[in-house]
Structure formats: C-alpha cells, structure tokens
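Below: the structure, in structure tokens.
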Amino acid sequence: MTDNTTGSAKHDTFPFAYHITVRCYGTKLHGNEQGSVHYKDNKYDTPILPPTPLLEKYQEEILDQPPYEMEADRRLVVLNTVKEVCQYRGWGLLAAHVRLNHWHAVIRAQCNPEKILHDLKAYASRNLTKAGFDGKDRKRWARHGSTQYKWHKEDAAEAIHYVVREQGDPMEWYENDGWEDEESAP
C-alpha cells in the first residue's frame, strides 16, 4: 500500500488518476508565508512548516538563476507538450492548466507517477528550448513536484474541478469532456 499523495507504489494496482503539480524554479521557496514541507518529510498529511522569513531569505540568496515565470506563449508550449506526451505514452489526460508560475495535470496512467512527472518536465523543457525560450541550461522547474494519488473517480472529479475552475482567471488549460465515460485505465 502507499500513502495518498507522494509515496511510491508498493502494490499491484494503480489509482484512478494522478494529480501532478509542477512549480516553476524559484517561485515558491521554503520558509515563505504559504508554508512548505521539508523534502525529506514529503509524505501525505505531513504538517506544513510555519513561515520562516530567514529561511525564505536564505533560499532566495542561494538561487543561481532568476525565478522562472511563463507568459502566454510559454504556457501554450507547456500545455501542448503535456497533451503530446500523454498521447504518445498512452496516458489519459483528464485536465491540465498552465499558470504563470506552476502547472497542474490530472492524468490516468498505469505507471509510477514519478515517470509521468519526469517525462512531462523533461519534454516541456526541451520544447521550450526548441521554441527559442531560453537556453537548454535554464532551470525552469522546482526539483520535484506534487504527485497526488486519486484512487476513485470522485477524487479525480474533484481534482479536475480544482485544476480547471479554482485557479483564478483561466490561462492555458484543457479539459477532457468525455473522461467520465471512460471506465478502464488507459
């Protein structure tokens, strides 16, 4: 068995879907007012660390590149990449929303979510470089990302609602309108 959000699968079944979130490099630092989780304790239901201005300032000082943000053209490259990678890998993309400093995807796949996270980040970086946005050495993404397990269809529906409708003004987004009719995994 695994925990509900970040653990590695230790079973023979996969959840209905994964909710993947990727932060842009340098845009949410440990110690900030939103709180964070220490990477060594990044497990389901881990308490959020309280804001620590000195830690946030230190995190800011050790950045070796400016924080990465995406205007509309970059966001469109990332959204199209997520769609293409999901189609190529045979993963079911239920929803995606690319924002100024992070992006979400709700995906059905019978594989470890770490592979999904790795592939999406790698191909998005490659395509942004190919499109002429920054060089290949530009850091675009935070070190890891969030990989929440959505075990049931209802959990996936809540994640899709959050991704598409609760992110503020819509930016570059996608929603698979027919996903509820799909019973079997991709």
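Quick note: the coordinates plus some simple rules give every number you see, no bench work behind them. Predicted model only: the values in this text are computed from it and were never measured. Ideal geometry is used to build each Cβ from the backbone, glycine not excepted, and the neighbour counts take in all protein chains shown.
For Glu172, which sequence-distant residues (separation of 5 or more, or a different chain) have an amide H within less than 5 Å of its own amide H, given hydrogens modelled in the peptide plane?
For Glu172, the qualifying residues are Val98.
Test of the criteria: in region 90-163, which trypsin sites (Lys or Arg not before Pro) are in a DSSP loop and have at most 14 other Cβ atoms within 10 angstrom of their Cβ?
Numbers: sites: Arg99, Arg108, Lys115, Lys121, Arg126, Lys130, Lys136, Arg138, Lys139, Arg140, Arg143, Lys150, Lys153; in loops: Arg99, Lys136, Arg138, Lys139, Arg140, Arg143.
Of the trypsin sites (Lys or Arg not before Pro), the ones in loops of region 90-163 whose Cβ has at most 14 other Cβ atoms within 10 Å are Lys136, Arg138, Arg143.
If I take R0 = 22 Å and measure r between the Cβ atoms of His144 and Thr13 in this structure, what FRET efficiency does the formula 1/(1 + (r/R0)^6) give, to the nearest 0.05? Mind dumping the intermediate values first?
Details: r = 24 Å, r/R0 = 1.08.
Computed FRET efficiency for His144 and Thr13: 0.40.
For region 111-128, just list the computed ³J(HN,Hα) in residue order, Karplus coefficients 6.51, -1.76 and 1.60, θ = phi - 60°, integers in Hz, with x standing in for Gly and Pro.
Values per residue, Gly and Pro as x: 7, 5, x, 4, 5, 4, 4, 4, 5, 5, 5, 5, 5, 5, 4, 4, 6, 5 Hz.
Arrange Glu158, Glu180 by Cβ neighbour counts within 10 Å, fewest through most, would you? Don't jump to the answer; show the numbers that get you there.
Values: Glu158 15, Glu180 12.
Least crowded to most crowded, the residues run Glu180, Glu158.
Points 7 angstrom from Cα along the Cβ direction at Glu180 and Asp137: gap in nanometres?
Label at Glu180, label at Asp137, 5.1 nm between them.
Would you mind calculating the gained length between Lys57 and His161 on full extension (0.36 nm times residue separation, minus the Cα-Cα distance), in nm to one decimal? List each step's numbers first, then the result.
Details: separation 104, 0.36 × 104 = 37.44 nm, distance 3.43 nm.
Stretched out fully, the Lys57 to His161 stretch lengthens by 34.0 nm.
Need one number: nm distance between label points at Thr27 and Lys153, each 7 Å from Cα along Cα→Cβ, rounded to one decimal.
If labels sit at Thr27 and Lys153, their model points lie 3.3 nm apart.
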